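The values are calculated or read from the model by the stated rules, or taken from the named source; none is laboratory data. The structure presented is a predicted model; accordingly, all values stated were derived computationally and were not measured. Virtual Cβ from ideal backbone geometry, glycine too; neighbours counted across all protein chains shown. Heads up: the accessible areas ignore ligands, DNA and RNA and are worked out on the full protein's heavy atoms, side chains in. Shrake-Rupley method; radii C 1.70, N 1.55, O 1.52, S 1.80 Å.
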Amino acid sequence: MRLFAEPLPAKLVWDEGELVALVVAGHRHTVVEQLRRWRVEADWWKDSVSRDYVTLRTADGLVCDVYGDRRSAPGGCSA
């Protein structure tokens, strides 16, 4: 297991509504399973957090949590 102090920029690749790949640091990882999804919305009265999370398993054995900030422009996420 490897933990990162700061999230890494990542890109999710979709094909006809199905999540097929995760791209991190220029490396493409084929997604084989979405383990869970959840949403976090907190501190709505100040600088709030509004994120969608997904836990993924890739073909090369990577298991990671990926999130997208719902307040930012669409298409961005971090792993």
Q: Tell me, please, whether a residue that is more than 14 Å from residue 64 (Cα to Cα), in a loop (DSSP other than H, G, I, E, B), modelled with pLDDT of 85 or more and open to solvent by less than 70 Å² (accessible area, probe 1.4 Å) can be found in the range 17-25.
A: yes
Q. List pairs: first in the range 23-39 and at negative phi, second part of a strand (DSSP E or B) and aromatic (Phe, Trp, Tyr), Cβ under 8 Å, 6+ apart or cross-chain?
A. 37/53; 38/53; 39/53
Q: Tell me which residues, restricted to the range 40-79, are modelled with pLDDT under 90, touching a Lys or Arg at 6+ places or on another chain (Cβ under 7 Å) and open to solvent by 50 Å² or more (accessible area, probe 1.4 Å).
A: 51, 52, 70
